[in-house]
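Colleague: Quick one: the structure is below, and I'll ask about it shortly.
The values are calculated or read from the model by the stated rules, or taken from the named source; none is laboratory data. Predicted, not measured: the structure shown is a model, and the values here were computed from it. Cβ placement follows ideal geometry from the backbone for every residue including glycine, while neighbour counts extend to all protein chains displayed. Just so you know, the surface numbers come from the protein's heavy atoms only, side chains and all, with ligands and any DNA or RNA stripped out. Shrake-Rupley method; radii C 1.70, N 1.55, O 1.52, S 1.80 Å.
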Amino acid sequence: MTRKERLELIDRYKNGRLEGLALQRFERQLETDEALRKDFRLDKELSEAMNESSDYNLFKELVGEAEDNYFGENPRDQWNMSRVAAIISFFLISSITIWWFATRDLTPDQRFEKAFTAYKAPANFRGSELANMDDDFMLGLIKYEKAEYRESIRLFEMASSKDQTNFTARFLLAMSHMSLRQFAEAKPILEILSADDDHLFQDPVRWYLGLLYLADGDESNDSLSRALFDRIENKEYKEMVRSLR
Amino acid sequence: MLKIELINRHREDTIVDGLRSGKKKTLNRIYKEYFPVIKDHILKNSGSVDDAKDVFQDAMMAIFQTVTDKDFELTCQFKTYLYSVSAKIWKKRLRDHRPTDLHTTSKIEQIAQEEIDDAVMKMERYKFYRKKFTELSEKCQQLLKMFLNGMDTKRITENLGFASIAYTKKRKYQCKEGLIRLIEQDPEYQLLVSHD
C-alpha cells in the first residue's frame, strides 16, 4: 500500500465509511501493519494538534486565559506592565508629535492617506466560535487579513446578507471598501452601524466614519466628523483624533 | 488522620476532575497555588520568568493529555506531579540548548517517569507539528486548515477556486503527504517518537 492509499483508507475509517468486512480488515491491519499503524497515529495526532476545535486546542485557550488572569492579578507584574505602558506611551506621544508636525499642512486626501490604517481583523476566536462560524465569514477574514479586499468584500457581503447580526462582517465590509477608497460604498454601512448600539465597534465606527467624512470632499460633513470624534471614549482612538487635529 | 487523608484525596480528585473538564476555576487555582513553585525551580536552573510561563503552560497541556486518558490515576499529590512534569520539560529544553546539571528535588524520581515521559513527548510532538505546518505552502496550509476544521469539500473547492472536488481531494492528499514528509525528515521527530 502506498502512503496515499493508507491516508485515504484512514480517512474512510475516520468518516465512518468502512463497514462490515472492510472495517474488520482495517482493524486487523492496524494490528499487523506497522506502516499503517504509524500513519494512523500521526494522522490522529495531527488532527488533534491542528484542529482549532479539538479538546487539546480548546484546553490550550483556557490555560492561556488562566495565565492572563494570574498575571493580570499579580501586583508585581502589574507594575512591570505599567512600566512597559509608560515606555510605549512615551514613544507613542513622541511619534504622534513628529507625525503632527509632518502632516499639519496636508490636504484632506493626504491626511486620510496618513491617518488611515485598516482595522486589524480579530484573530483570537475560540474553538467553539470557529466551529459555528459561517464559511463565507471565515474566508472573508482570511482574505481581509491578506489585504485581498475585493474578495473580502464579496465574502463579507454574503456573510452579512445571511446574518444581519454579524456586525463584524458588516464592519469589516466597510473597512474593505475604505481600504480600496470606495467611500460611497463604505459610508452607508458605517452610518447604519453608527446608529446601532448593539455591537462592540462603537469607537472604531466613529473614528473611521469621522475620517471618511473628512476625506469625502464635502465640507458640510466636517461638523458631523467633529461630532463623531467628540463621542469617542476609547483612549487610543481619542489620541488618534487628537493627533489628527 | 484518616479524615485528613480523605480531605486531601478529595482535594486532588477535584483538581483532576476540574482539569479533565477544563474548569476555569480549577485552572485559575492551579496557577495561583503552583506557578510560584515552578517559577522558583526554573529561576534556580538558569531560566527566566518567561521560560517559567512557557514551561508551566506546556506542563498543563501535557497533564491534560494524561488526565483525559480513562485509565489515569493520580498516585501522588498533584503538586508533585506538576512539578515533575515541569522539571522534565525544562530539563529537556536545557538539554536541547545547553547541557547542564539541574537542581532538583528527590521527589521527581519517585513517580511514574514513563507516564510523564509519554505526556511530555506527546505535547512536544503537537508543538512540533504546528511548527512544521507553517513550513507548508500557504495554499496547502489554507486547504488543510479548512479540512481539519471540518469544512465541506465542495465549499473548499469553491473558495479556493479549484476546478473540481476530485482535484481538491487530490491536493489534500498531496499537502498531507508533504506535511508528513516534512515531519518525518526532521531529525527532531525521530527523537520525539524514539522512546515509544
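Colleague: Got at least one residue in the range B:158-180 being under 26 Å from the mean Cα position of the chain (by Cα), not in a helix (DSSP H, G or I) and not polar (S, T, N, Q)?
Modeller: Scanning the range B:158-180, I find no residue that is under 26 Å from the mean Cα position of the chain (by Cα), not in a helix (DSSP H, G or I) and not polar (S, T, N, Q), so the answer is no.
Colleague: Condition test on A:ASP222, is it of a type in the set (D, E, K, R), buried (at least 17 other Cβ atoms within 10 Å of the Cβ) and part of a helix (DSSP H, G or I)? Even if it seems obvious, please write down each step before you answer.
Modeller: Details: of a type in the set (D, E, K, R): yes; buried (at least 17 other Cβ atoms within 10 Å of the Cβ): no; part of a helix (DSSP H, G or I): yes.
No, not satisfied.
Yes or no, residue by residue, for (1) under 27 Å from the mean Cα position of the chain (by Cα); (2) modelled with pLDDT of 75 or more; (3) open to solvent by 100 Å² or more (accessible area, probe 1.4 Å):
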site: A:PRO75; (1), (2), (3): no, no, no
site: A:MET81; (1), (2), (3): yes, no, yes
site: A:VAL84; (1), (2), (3): yes, yes, no
site: A:SER89; (1), (2), (3): yes, yes, no
site: A:ARG104; (1), (2), (3): no, no, yes
site: A:THR107; (1), (2), (3): no, no, no
site: A:PHE116; (1), (2), (3): yes, yes, no
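Colleague: Could I ask something else about it? Being open to solvent by less than 70 Å² (accessible area, probe 1.4 Å), over 17 Å from A:ILE142 (Cα atoms) and in a loop (DSSP other than H, G, I, E, B) is the filter here, so list the residues in the range A:155-179 that pass it.
Modeller: Across the range A:155-179, the qualifying residue is only A:ASP163.
Colleague: Please go through the range A:42-54 and give me each residue that is farther than 18 Å from B:VAL193 by Cα and more than 7 Å from chain B (Cβ to nearest Cβ), ordered by number.
Modeller: If we filter the range A:42-54 for residues that are farther than 18 Å from B:VAL193 by Cα, which is where we start, we get A:50-54.
The one that is farther than 18 Å from B:VAL193 by Cα and more than 7 Å from chain B (Cβ to nearest Cβ): A:SER54.
Colleague: A follow-up question, please. Restricting to the range B:135-152, what's the tally of residues that are assigned to a helix (DSSP H, G or I) and within 10 Å of chain A (Cβ to nearest Cβ)? Walk me through it before giving the result.
Modeller: Taking the range B:135-152 first, the residues assigned to a helix (DSSP H, G or I) are B:138-148.
Checking which are within 10 Å of chain A (Cβ to nearest Cβ) leaves us with B:138, B:141-142, B:144-148.
Result for the range B:135-152: 8.
Colleague: While we're here: Residue by residue through the range A:121-149, note down the ones that are modelled with pLDDT under 75, in a helix (DSSP H, G or I) and either at the interface with another protein chain (Cβ under 10 Å from one of its Cβ atoms) or touching a His at 6+ places or on another chain (Cβ under 9 Å) (or both). Can you show your working first?
Modeller: To start, the set of residues in the range A:121-149 that are modelled with pLDDT under 75 comprises A:122-133.
Right, trim to in a helix (DSSP H, G or I) and you get A:127-132.
Across the range A:121-149, the qualifying residues are A:GLY127, A:LEU130, A:ALA131.
Colleague: How many residues does the range A:228-244 hold that are in a helix (DSSP H, G or I) and either free of Cβ contacts under 8 Å to residues at least 12 places away in the same chain or not aliphatic (A, V, I, L, M) (or both)?
Modeller: Of the range A:228-244, the ones in a helix (DSSP H, G or I) are A:228-230, A:235-244.
Now drop any that are not either free of Cβ contacts under 8 Å to residues at least 12 places away in the same chain or not aliphatic (A, V, I, L, M) (or both), which leaves A:229-230, A:235-239, A:242-243.
Adding up the residues that qualify gives 9.
Residue-by-condition table, conditions (1) closer than 26 Å to A:PHE59 by Cβ; (2) of a type in the set (Gly, Ala, Ser); (3) modelled with pLDDT under 90:
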{"position": "B:GLN110", "(1), (2), (3)": "no, no, yes"}
{"position": "B:GLU114", "(1), (2), (3)": "yes, no, yes"}
{"position": "B:GLU124", "(1), (2), (3)": "yes, no, no"}
{"position": "B:TYR129", "(1), (2), (3)": "yes, no, no"}
{"position": "B:GLN141", "(1), (2), (3)": "yes, no, no"}
{"position": "B:THR157", "(1), (2), (3)": "no, no, no"}
{"position": "B:ALA166", "(1), (2), (3)": "no, yes, no"}
{"position": "B:LYS170", "(1), (2), (3)": "no, no, no"}
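Colleague: Something else: Kindly indicate whether any position in the range A:43-58 is hydroxyl-bearing (Ser, Thr, Tyr) and in contact with an Asp or Glu (Cβ under 7 Å, 6 or more places away or on another chain).
Modeller: At the first step, the residues of the range A:43-58 found to be hydroxyl-bearing (Ser, Thr, Tyr) are A:47, A:53-54, A:56.
Then keep just the ones that are in contact with an Asp or Glu (Cβ under 7 Å, 6 or more places away or on another chain); that gives A:54, A:56.
Yes, some residue in the range A:43-58 is hydroxyl-bearing (Ser, Thr, Tyr) and in contact with an Asp or Glu (Cβ under 7 Å, 6 or more places away or on another chain).
Colleague: Any residue at all in the range A:185-192 that is at pLDDT below 85 and not charged (D, E, K, R)? Steps first, please.
Modeller: Taking the range A:185-192 first, the residues at pLDDT below 85 are none.
No; the residues of the range A:185-192 include none that is at pLDDT below 85 and not charged (D, E, K, R).
Colleague: For the range A:17-35, which positions are within 14 Å of another protein chain (Cβ to nearest Cβ) and over 26 Å from A:ASN57 (Cβ atoms)? If you could, list the steps in order and put the result at the bottom.
Modeller: Here is the first cut: in the range A:17-35, the ones within 14 Å of another protein chain (Cβ to nearest Cβ) are A:17, A:34-35.
Answer for the range A:17-35, where residues must be within 14 Å of another protein chain (Cβ to nearest Cβ) and over 26 Å from A:ASN57 (Cβ atoms): A:GLU34, A:ALA35.
Colleague: Scan the range A:27-43 for residues that are more than 42 Å from the chain's Cα centre (by Cα) and assigned to a helix (DSSP H, G or I) and report the count.
Modeller: In the first step, residues of the range A:27-43 are kept if they are more than 42 Å from the chain's Cα centre (by Cα); the result is A:27-29, A:31-34.
Remaining after also requiring assigned to a helix (DSSP H, G or I): A:27-29, A:31-32, A:34.
Looking only at that region, the number is 6.
Colleague: A follow-up question, please. Could you check the range B:167-192 and list, in sequence order, the residues that are open to solvent by 70 Å² or more (accessible area, probe 1.4 Å) and of a type outside the set (S, T, N, Q)? Before you say what the answer is, go through the steps one by one.
Modeller: Just the residues of the range B:167-192 that are open to solvent by 70 Å² or more (accessible area, probe 1.4 Å), to begin with: B:167, B:169-170, B:174, B:181, B:185, B:187, B:190-191.
Listed by number, the residues that qualify are B:TYR167, B:LYS169, B:LYS170, B:ARG181, B:PRO187, B:LEU191.
Colleague: So which residues in the range B:35-60 are open to solvent by less than 20 Å² (accessible area, probe 1.4 Å), within 14 Å of another protein chain (Cβ to nearest Cβ) and out of contact with any Lys or Arg (no Cβ under 6 Å at 6 or more places or on another chain)?
Modeller: B:PHE35, B:ILE38, B:VAL55, B:PHE56, B:ASP58, B:ALA59, B:MET60 - these are the residues of the range B:35-60 that are open to solvent by less than 20 Å² (accessible area, probe 1.4 Å), within 14 Å of another protein chain (Cβ to nearest Cβ) and out of contact with any Lys or Arg (no Cβ under 6 Å at 6 or more places or on another chain).
Colleague: What is the residue count in the range B:153-166 for residues that are open to solvent by 30 Å² or more (accessible area, probe 1.4 Å) and at the interface with chain A (Cβ under 8 Å from one of its Cβ atoms)?
Modeller: Of the residues in the range B:153-166, 1 are open to solvent by 30 Å² or more (accessible area, probe 1.4 Å) and at the interface with chain A (Cβ under 8 Å from one of its Cβ atoms).
Colleague: Run B:LYS92 past the list (1) away from chain A (no Cβ under 14 Å); (2) free of Cβ contacts under 8 Å to residues at least 40 places away in the same chain; (3) touching a His at 6+ places or on another chain (Cβ under 9 Å) and report the number of the one that doesn't hold.
Modeller: The single condition B:LYS92 does not satisfy is (3).
Colleague: Further, regarding this structure: Report, by residue number, each residue of the range A:215-245 that is over 15 Å from A:THR117 (Cβ atoms), more than 22 Å from the chain's Cα centre (by Cα) and of a type in the set (A, V, I, L, M, F, W, C).
Modeller: Listed by number, the residues that qualify are A:LEU224, A:ALA227, A:LEU228, A:PHE229.
Colleague: Still on this structure: Somewhere in the range B:19-32, is a residue surrounded by 13 or more Cβ atoms within 10 Å (Cβ to Cβ), in a loop (DSSP other than H, G, I, E, B) and more than 13 Å from chain A (Cβ to nearest Cβ)? Working first, answer last.
Modeller: Step one: list which residues in the range B:19-32 are surrounded by 13 or more Cβ atoms within 10 Å (Cβ to Cβ), which gives B:19-20, B:22-23, B:26-32.
Within this subset, residues satisfying the condition of being in a loop (DSSP other than H, G, I, E, B) are B:22-23.
Now drop any that are not more than 13 Å from chain A (Cβ to nearest Cβ), which leaves none.
Looking for residues that are surrounded by 13 or more Cβ atoms within 10 Å (Cβ to Cβ), in a loop (DSSP other than H, G, I, E, B) and more than 13 Å from chain A (Cβ to nearest Cβ), one finds none in the range B:19-32, hence no.
Colleague: How many residues does the range A:215-237 hold that are modelled with pLDDT of 85 or more and not charged (D, E, K, R)?
Modeller: 7
Colleague: Answer yes if at least one residue in the range B:184-191 is closer than 18 Å to A:LEU7 by Cβ and more than 12 Å from chain A (Cβ to nearest Cβ), and no otherwise. Steps first, please.
Modeller: Of all residues in the range B:184-191, those closer than 18 Å to A:LEU7 by Cβ come to B:184-185, B:189.
Narrowing the set further to residues that are more than 12 Å from chain A (Cβ to nearest Cβ) leaves B:185.
Among the residues of the range B:184-191, at least one is closer than 18 Å to A:LEU7 by Cβ and more than 12 Å from chain A (Cβ to nearest Cβ), which makes the answer yes.
Colleague: Among (1) open to solvent by 20 Å² or more (accessible area, probe 1.4 Å); (2) without any contact (Cβ under 8 Å) to a residue 24 or more places away in the chain, there is one condition A:LEU42 misses while meeting the rest; what is its number?
Modeller: Exception for A:LEU42: condition (1).
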